[in-house]
Each structure stands twice: as structure tokens, then as C-alpha cells.
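Bear in mind these aren't lab numbers, they're just calculated from the coordinates by the rules spelled out. Please read all numbers here as calculations on a predicted model, not as lab measurements. Here the Cβ positions follow ideal geometry from the backbone for every residue, glycine too, while neighbour counts run over all protein chains shown.
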């Protein structure tokens, strides 16, 4: 009893924490899952929402577009972030801290402000577009910010700082002694990174790619503000079905949300298996 009394503040805080987790995580998750198995009337068990999500070309296209854009932006982002993190690790501690601070600020610059910034810079009447036009280069004719390629560019932009923040600590595992030993044995820098460096960094690369993919799959505000919903993506379809002014179908939105969660879960499972396989080699 004395121990319970002594630890009562900790127990109360733990109970409050559990209630918050249950209230804000498990209850909404349960609500979404149960709603996804209801028909359009909101009553009775039905798989119609999942069947419609996979057979309806409009919803299927949103799933396909989200996966492709997320994969492409994550692949390009992880390559640039890995190279950038390696370059940052070569600077002095003072310079590294400044760059990491800047990366941290940039990684939080997303959503509507990021879309608005790109519109100002690369839109049809953006700063760079008008500058290039003065030199006889019509940038708008070869690049459309409001298209899939423009959306990919914006996604890559906010993926790179996140990737640098996650990859930068991994380069601390690469010891300078290993490079010196490899050099003494006659290995080139390329051979070192091919046989040692990449193998050491691979778990971090896979884990960072997984986070970047999830970050892109769930992006909503940036895509909506930049394209005004003209590009068919899962988060936009879910948002339109929940709060659409013309047509609302929360049950269908729940089914799409569950499919989105399953995609991210599958990617995460593959990520864990690849990391375990790499560590056992």
C-alpha cells in the first residue's frame, strides 16, 4: 500500500496517458474500420465499399497515383538525402549544426505554405517563370507546376530535409579507421562504399525510405492547395468523401482509409523483414 501511495502520481499520469491513447488512437481506428464494413445506409455488414474502392476506376486510379508518386518522390529523395547527409558529415561540427538546424526548419515547411511558395516561384506568373521569360525561355511551356511532375517536385522538396535528418546520424556508424584500413589494403573509395559503407547504412536507408513513403502517401494539404484536387490521390478522395459539398460517403472514405493503412502496414512489414535479413547476413 505504501508503494502504491508513493507511486500514485506516476500511476495517475500513466492512466491519463493510456486514456489519451485510447481516446485519440484506438477509438477513431475502431470507428473507421467498423464504418468501412457498412453499406451506404450506414447499417448492416457489407464489403461493398472495398469492392467499389478496388473496382471503381476513379478510386483505383487514386490508389495507383498515390503509390507511384510516393515511390518516385521517396526514391529520388532518399538518394539525394543520403548523398547530402554524407556531405554534411564531412564538415566541421559548427557548420554541421547550422545545416541540420536549417534542415529541421525546412522539413517542417510543408502543407499550404509550401504549395503557396512554389506557386510564387514556379507558377504561371512565378518569379523564376517571369525571369526566364525575359531571356526568351518559356518555362511554362515545358513545365507545369500544377501537373503530376510539379507535384512530384514539391514532394521531393519536402522529402529531402526529412531524409537528411534521418540519415545524418547513420553516418556516425562509418568509422574513419575502416576507410583507412580499406585504403591500406588497396581498396578504392568506390569499393569501400560498395562493400562496406552501403551495407552498414542499408538498414537506415530502408527505414528512412519507409518513413518518407508514408509521409508522401499521407500528404493532403500540399496536394490540395497546389492542384485544387485535379490530381486523383487517396488523401484527396478521402477528404472529399468526408467533407464534400456535393457528394458525401463516409463509409467509402473509411474503406479507402483502411486500404491506405494496409498499404503502409505492408510496406512497414517488408521494411522490417529487409532490415532483419540484412542484419543476419
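The table below lists the values:
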item: Cβ crowding within 10 Å averaged over residues, with 228-235, 161-168, 87-94, 260-267 ranked highest first; result: 161-168, 228-235, 260-267, 87-94
item: Where labels lie 7 Å past Cα in the beta-carbon direction, separation of residue 80 and residue 61 in nm; result: 2.8
item: Chain lengthening between residue 141 and residue 98 when straightened (0.36 nm per residue, less Cα-Cα); result: 11.7 nm
item: Region 1-138: projected area of the alpha-carbon convex hull, averaged over directions, in nm²; result: 18.5
item: Least to most buried among 127, 32 (fewest other Cβ within 10 Å first); result: 127, 32
item: Approximate spin-label separation residue 34-residue 10, in nm, with each point projected 7 Å along Cα-to-Cβ; result: 3.5
item: Region 143-259, Rg to Rh (Cα coordinates; Rh as Kirkwood inverse mean 1/r); result: 1.21
item: All-pairs alpha carbon distance profile, region 182-223, 5 Å steps from 0, percent; result: 5, 20, 16, 13, 12, 10, 9, 7, 4, 3, 1
item: 222 nm mean residue ellipticity, helices alone, for the chain (DSSP H n ≥ 4; -39,500 (n - 2.57); rounded to 500); result: -23500 deg cm²/dmol
item: Principal axis dimensions, largest first and in whole angstrom, of region 119-210 by Cα; result: 56, 29, 17
item: Segment residue 26-residue 195, length gained on full extension (0.36 nm per residue, minus Cα span); result: 56.4 nm
item: Cα-only radius of gyration and Dmax that characterise region 58-124, units Å; result: 16.2, 52
item: Sites residue 242 and residue 125 - FRET efficiency at Förster radius 41 Å, r taken between beta-carbons, to 0.05; result: 0.80
item: Over the chain, volume per residue of the alpha carbon convex hull, in Å³; result: 244
